[in-house]
Amino acid sequence: MVEQSPSPALVLPRLIVGLGNPGAKYAGTRHNVGFEMVDRLSQRWQIPLKEDRRFQGSYGDGLGAGRRISLLKPSTYMNRSGQSIRSVIDWFKLEPESVLIVYDDMDLPVGRLRLRLSGSAGGHNGMKSAIAHLGTQNFPRMRIGIGATNAPAERDSAVVSHVLGRFSPADRDRINTVIDYATKAVELSLESGVEKAMSYYNGLSID
């Protein structure tokens, strides 16, 4: 008899984190797509978000897609996001693998999303902080494309201007549609695991 290898355990998120910067001046900017995603889930699942000092962010929990789920938007500013995430997983004794982080990615064009089970920060300061505080790269993440900048200015300055800028009307429409699909991808992740959602949504492109 040939022994069958055990099926890999499903990766089912228990905490969904959106990365962004707090405050009205950053609302709607490219760098705050993660916040927008968590706000959408909060509305869809009717899970209120409230500022929680324990977690250094806006936090809420309830039922999402039939599972108990927590939502978090760190209030620490982007480059210290990991502090907030760490405080939640320590409080609830969660494994890093149960944390799904949603954030913006310049390496993906507007209209694309990409789920992965692990990976590097890819130059994203919020993810650098998350990896440093979680002590591992092995946690799922969802990247939402914001496109790269073609500005002729000095590179670092151009990047900052791009990520802290707002979408054109056409790109805003694409982002709204991508967030709709991203919401469905999260719900599929909760129902059937992140890998299943990857197979359905990683090839998606909104023109």
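The values are calculated or read from the model by the stated rules, or taken from the named source; none is laboratory data. Worth saying up front: this structure is predicted, and the values here are computed from it rather than measured. So basically every Cβ, Gly included, is an ideal-geometry build from the backbone, and we count neighbours across all protein chains shown.
Descriptive notes on the structure:
- Against the list (1) surrounded by fewer than 14 Cβ atoms within 10 Å (Cβ to Cβ); (2) touching an Asp or Glu at 6+ places or on another chain (Cβ under 7 Å), the condition residue 179 fails is (1).
- Taking residues in the range 33-56 that are farther than 29 Å from residue 106 by Cα, and partners anywhere that are in a helix (DSSP H, G or I), the pairs with Cβ atoms closer than 8 Å and at least 6 places apart or on different chains are 47/41; 48/42; 54/87; 54/91.
Yes or no, residue by residue, for (1) touching a helix residue (DSSP H, G or I) at 6+ places or on another chain (Cβ under 7 Å); (2) β-branched (Val, Ile, Thr); (3) more than 24 Å from residue 44 (Cα to Cα); (4) in contact (Cβ under 8 Å) with a residue 40 or more places away in the chain:
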{"site": "87", "(1), (2), (3), (4)": "yes, no, yes, no"}
{"site": "95", "(1), (2), (3), (4)": "no, no, yes, no"}
{"site": "98", "(1), (2), (3), (4)": "no, no, no, yes"}
{"site": "114", "(1), (2), (3), (4)": "no, no, no, yes"}
{"site": "157", "(1), (2), (3), (4)": "no, no, yes, no"}
{"site": "178", "(1), (2), (3), (4)": "no, yes, no, yes"}
{"site": "183", "(1), (2), (3), (4)": "yes, yes, no, yes"}
{"site": "195", "(1), (2), (3), (4)": "no, no, no, yes"}
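- Test for residue 174: is it of a type in the set (Lys, Arg), closer than 19 Å to residue 36 by Cα and surrounded by 17 or more Cβ atoms within 10 Å (Cβ to Cβ): yes
- Every residue from the range 141-159 that is surrounded by 14 or more Cβ atoms within 10 Å (Cβ to Cβ) and either farther than 27 Å from residue 100 by Cβ or modelled with pLDDT under 90 (or both): 148, 149, 158, 159
- Scanning the range 39-74 for residues that are farther than 17 Å from residue 130 by Cα and of a type in the set (A, V, I, L, M, F, W, C) returns 41, 45, 47, 49, 63, 65, 69.
- Enumeration of residues in the range 29-84 that are among the aliphatic types (A, V, I, L, M) and either under 12 Å from residue 15 (Cα atoms) or in contact with a Ser or Thr (Cβ under 9 Å, 6 or more places away or on another chain) (or both): 37, 38, 41, 47, 49, 63, 65, 69, 71, 72, 78
- Any hit, the range 136-150, residues being of a type in the set (D, E, K, R) and either within 18 Å of residue 183 (Cα to Cα) or in contact with a Leu (Cβ under 8 Å, 6 or more places away or on another chain) (or both): yes
- When the range 27-37 is filtered for residues that are surrounded by 18 or more Cβ atoms within 10 Å (Cβ to Cβ) and either under 14 Å from residue 81 (Cα atoms) or not polar (S, T, N, Q) (or both), the ones remaining, listed by number, are 30, 31, 32, 33, 34, 35, 36, 37.
- Unique match (being of a type in the set (Lys, Arg) and surrounded by 15 or more Cβ atoms within 10 Å (Cβ to Cβ)) among 40, 53: 40
- Residue within the range 10-26 that is among the basic types (Lys, Arg) and within 27 Å of residue 167 (Cβ to Cβ) present: yes
- Residues that are surrounded by fewer than 20 Cβ atoms within 10 Å (Cβ to Cβ), in contact with a Leu (Cβ under 7 Å, 6 or more places away or on another chain) and of a type in the set (Lys, Arg) within the range 56-85 comprise just one, 67.
- Hey, residue 93 surrounded by fewer than 19 Cβ atoms within 10 Å (Cβ to Cβ), farther than 17 Å from residue 14 by Cα and among the charged types (D, E, K, R) or not: no
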